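Heads up, the thing below is written out as structure tokens.
What follows draws every value from the coordinates through simple rules; no lab data is involved. Because the structure is predicted, anything quoted here is derived from the model rather than measured. All Cβ positions, even for glycine, are placed from backbone atoms using ideal geometry, and neighbour counts span all protein chains on display.
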Amino acid sequence: MDLLPECLQALRYPAYWKNNVEPSLRKFLNFRLHAGDLEDSDTEHYRFQRELDTIKNFYTETSEIGQKVLKWQRYFKEDKKSKSVKLFWNLQDVLMESEIIDEKARLQWKEGMVEFEGIGLQHLKEASSAVQEKQILVYKQNTSNERNYEQSILKKRRETSSPMILREQKRKCYTEKETDSDSNSDLKSARPKRKSTKSADVIDDDGKITDEQIGHFDHTFQDLDANKMWILKSGRVVEKVIYEYARGLKYESYLHSFIISDIDKETRSLFRNEEWEEIFSSNCKAIPKVDESIINLMVKYSTTDLSLFRDVIFEPFLDTSYSKQYFDLNYVNFAYRAMHILWEKDRDFALDQSKLEGWYEHNIWSHLIDPVFHDLEIELVRGEGMSLSSSDRKNDDEQNNEDRKKIGRKGDGIFRMSKDRLELGAIETGKKWEGANGRKYITDSLKLSKMLRDMLVRLIMKFEGNEQKMRLLQIVGILHSGNRFQLLTMDIPKGYICRIKRLDFLEVAGRINDPPLAFVLKDILRAKAIIMRTLELLQEKTTSLNGLYDFDSEEDERSNRCTTAPPVILPPTFRTPKTDDIGTVLQNHGPDR
């Protein structure tokens, strides 16, 4: 369907409308299912209706498109009750029940493994005890034999001459010292090794939250200033709602770090619809717009004809000489030329199950993401780089009594300011796309969210209590798994809450522009624009000189100094206890205990 460019830009799902001549609710649902983040029927029907309303705003009722929109709106009311749509949702219910059954089976398997490990540990303890008893018995027998032999020798020497008695006593004392030394050496070697220093955020094998964690969570909430919490129009306090619910969870959640994610259905169930809408509409930052010249160039490159594509990507894309202001245009041209090499192959790389995470990172994402930041004072640290923000948080912990420094969370990419420790975003990658409900996606989402929150905590310190600038802060996260890509943002809209918003999943096509690469590049350019906006915020000079002037009286001066409100300081990100190694387990539960 040929829609106006500004209309496509206003739509939430432009790819669907560009590829459909006769749109319908059922086709839209299939499109959303393929995207991998399908939600409930009410939400998806509402989204389709909003898309129709958006198109209607750009066309008059007498126009051709306007007439079609009116027809689609009439069909929409009928389609909601149609057999095909009902069958679609019934099928989704069946699939959901199947996933629940699979998840229960996985949990049962996990419980069985825990029981098996417990039995194995008991056997290990029993075997260790038996070996130790055997060693002690052999040692006693050998010692007894040696003493009997020495006594017989001494007896013979006493009978021979008295001077030899003294020499034999000296030799015996020396031998006993050596035996004691050897015994001590054996005991040292039998001791368990020193406990390894692992990351403080490593969750134990079963993933359950311990009493220590709950106590730390209680302490964190009690330290929050009630006057600075987020009070909704309904009168409910967001932090309190989160605390009361999260305290009863058995597994770690976003909520333990006071993070709210727009796709977290569990968190959404804690709030009424109007409250949820308020949470995600308050103090929103506008999504950066991509320059029209860049959009036009990407539209030009979005052909599905490979021979035509070869011609256009090697044409000059500037009417003037190159300068730094055209860097992003150069980046777009570079990205398409990099993909051209892969699209020339006969095989669709997206269908090749043998492609590992490293292949996608080096052949696709390093060409599409990394180059766009080369003109900024930003370093994209790749290869499981350590987050300095997470490291600082762990080593600032008052309960950290270890001598060795703790390392931060490791991300697949960290956006770090050049010549500085400040970080503005992170990347997490996966081998293949398993869907929005995949275990790898969920784990990486939580890991990435906690890393981003640590970064925000460090950035806030840079503002020295300036809450107005703190509320303007926004950092980016990127999740890419296989050929799928998602951009997310984190900010601090009100109170102590960190809010995550996610854009739609996008796909890098294994065949030329099917779907168009332009949508992926647009979100990457948006990520760059958000980072640039945050950089500008950090570089602003807001130091006030009012404190240089004297007041008329000491009382006025004291009053002025005391009326400054304390800054909002985010509590530390939720931490988890370390797991013990096998040496510590044997030491605490061995046969000598």
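Strictly over 31 Å apart at the Cα level, which of LYS289/LYS462; LYS86/LYS345; LYS289/LYS324; LYS240/LYS285 would you flag in this model?
Working: LYS289/LYS462 27 Å; LYS86/LYS345 41 Å; LYS289/LYS324 19 Å; LYS240/LYS285 25 Å.
Among LYS289/LYS462; LYS86/LYS345; LYS289/LYS324; LYS240/LYS285, the Cα-Cα distance tops 31 Å for LYS86/LYS345.
Fully extending the segment from LYS240 to SER307, taken as 0.36 nm per residue of separation minus the present Cα-Cα distance, adds 18.1 nm. Residues whose amide H comes within less than 5 Å of that of ILE500, counting only those at least five positions distant or on another chain, are ILE260, SER261, ASP262 (H built at 1.01 Å from N in the peptide plane).
Residue by residue, the stretch 254-269 carries 3J(HN,Hα) couplings of 3, 5, 5, 9, 6, 10, 10, 10, 6, 9, 7, 5, 5, 5, 4, 5 Hz when phi is fed to the Karplus relation 6.51 cos²θ - 1.76 cosθ + 1.60 (θ = phi - 60°); x denotes Gly or Pro. Each residue of the stretch 468-474 is assigned a 3J(HN,Hα), and the resulting list reads 4, 6, 4, 6, 8, 5, 7 Hz, derived from the Karplus form 6.51 cos²θ - 1.76 cosθ + 1.60 (θ = phi - 60°), x at Gly and Pro. I need the shape label for the stretch 452-525. Rule: rounded when a/c is under 1.5, else prolate if a/b > b/c, else oblate, with a, b, c from the alpha carbon gyration tensor. Judged from the Cα gyration tensor, the stretch 452-525 comes out prolate (a/c at least 1.5, a/b above b/c). Taking other Cβ atoms within 10 Å as a rough exposure proxy, SER24, SER449 sort from fewest to most as SER24, SER449.
Based on other C-beta atoms within 10 Å, arrange ILE294, ILE242, ILE531, ILE100 from fewest to most. Don't jump to the answer; show the numbers that get you there.
Values: ILE294 18, ILE242 25, ILE531 21, ILE100 10.
Ascending number of Cβ neighbours within 10 Å: ILE100, ILE294, ILE531, ILE242.
Students often get this wrong, so check it: of LYS80/LYS522; LYS27/LYS522; LYS27/LYS528, which have C-alpha atoms separated by over 27 Å?
Details: LYS80/LYS522 33 Å; LYS27/LYS522 25 Å; LYS27/LYS528 33 Å.
The pairs that break the limit, which is 27 Å between Cα atoms, are LYS80/LYS522; LYS27/LYS528.
Rounded to whole numbers, the Karplus 3J(HN,Hα) couplings from phi for the stretch 32-42 are 5, 5, 5, 5, x, 10, 4, 10, 6, 5, 4 Hz, using 6.51 cos²θ - 1.76 cosθ + 1.60 with θ = phi - 60°, and x at Gly and Pro.
Once both labels are positioned 7 Å from their Cα atoms along Cα-to-Cβ, the gap between ASN90 and GLU266 label points is 3.2 nm.
Treat the count of other C-beta atoms within 10 Å as a stand-in for reagent exposure and order TYR46, TYR59 from fewest to most. The partial results should precede the final answer.
Working: TYR46 12, TYR59 17.
Least to most surrounded, the residues fall as TYR46, TYR59.
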